[in-house]
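*Asks:* Sharing a structure with you now.
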Amino acid sequence: MKNKLFVATTTLAIFIGATAVASAEDLTAAKRAQIKTLLEITNLKAIPEQLANSTIQSWVPGVKQLDPKFPDKGFTIARDAFAATLAAKADTPGGLVEQVTLVYHNAFTAAEINDIVKFYQGASGKKLLASQGKVNGDTYQAAMKWADSLSGEVDKNIDAALKKEGLKLPDPPKAPAAPAAGASPAPAGAAQPPAKK
């Protein structure tokens with residue numbers, strides 16, 4: 001049985017490898033040019049700035065926690081340097097354009113790339129490109145709202161699945177009780193919860 005599995009796995013690996021090699025050998029200059037046109041139409045060159053924006057935005061809470069006085073100007077400078085570095089390397093050998101060209105080459109035939117380019121150059125494709133940001137944002141918001149509406153059911157099903165395996169999520173920490181109206185604050189030296197960092 002193990003030998004049959006080994007032979008089947010090896011055969012599959014060789015087939016996949018041969019397919020990948022065949023795809024790589026079929027990247028003609030004409031197909032490469034069509035893919036480049038597609039990448040220009042779909043604004044691939046905006047990705048470095050998008051990556052820089054999202055990465056630096058993810059830094060803000062941690063940096064502000066470490067240094068609350070760190071100026072917003074510092075994040076702008078970091079974002080601009082990050083984006084400039086990526087943009088300068090995007091269309092160099094081994095860069096983003098080359099890597100994404102291979103992604104499209106392996107996913108689509110030359111005829112399919114031509115059809116996709118024609119679509120994006122037409123009225124519907126142009127409208128899709130112009131409204132994609134809003135459509136994506138609205139889709140994400142609708143998905144979050146929908147998932148939120150199911151949170152009770154999701155929580156119940158997670159708890160049931162964990163319980164079936166003898167597991168339980170830890171309870172969240174309890175908030176300290178608010179002092180009664182008119183009560184004096186705790187005396188100095190009394191136990192206090194640790195300060196949030």
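The values are calculated or read from the model by the stated rules, or taken from the named source; none is laboratory data. Computed from a prediction, not measured in an experiment: that's the story for all the values here. Methodologically, a virtual Cβ is constructed for each residue, glycine included, from the backbone with ideal geometry; neighbour enumeration extends over all protein chains shown. To get the accessible areas, we keep the full protein, side chains included, count just its heavy atoms, and leave off ligands, DNA and RNA. Shrake-Rupley method; radii C 1.70, N 1.55, O 1.52, S 1.80 Å.
*Asks:* Using a Förster distance of 41 Å, how high is the FRET efficiency between Lys163 and Ser131, based on the Cβ-Cβ distance and rounded to 0.05?
*Replies:* Using R0 = 41 Å, I get an efficiency of 0.35.
*Asks:* Provide the solvent-accessible area of Ser131, counting protein heavy atoms only and rolling a 1.4 Å probe, rounded to the nearest 10 Å².
*Replies:* Looks like 40 Å² after rounding.
*Asks:* Which of the peptides 153-160, 55-62 is most tightly packed, and how do the rest follow, going by the mean number of other Cβ atoms within 10 Å of each residue?
*Replies:* The packing order, highest mean first, is 55-62, 153-160.
*Asks:* Here's something else I'd like to know. Go ahead and run the numbers for FRET between Trp146 and Ala107, Cβ-Cβ distance against an R0 of 41 Å, rounding to 0.05.
*Replies:* The computed FRET efficiency comes out at 0.90.
*Asks:* How large is ³J(HN,Hα) for each residue in region 82-91, as worked out from phi by the Karplus curve 6.51 cos²θ - 1.76 cosθ + 1.60 (θ = phi - 60°), to whole Hz, x for Gly and Pro?
*Replies:* 4, 4, 5, 5, 5, 4, 5, 9, 4, 10
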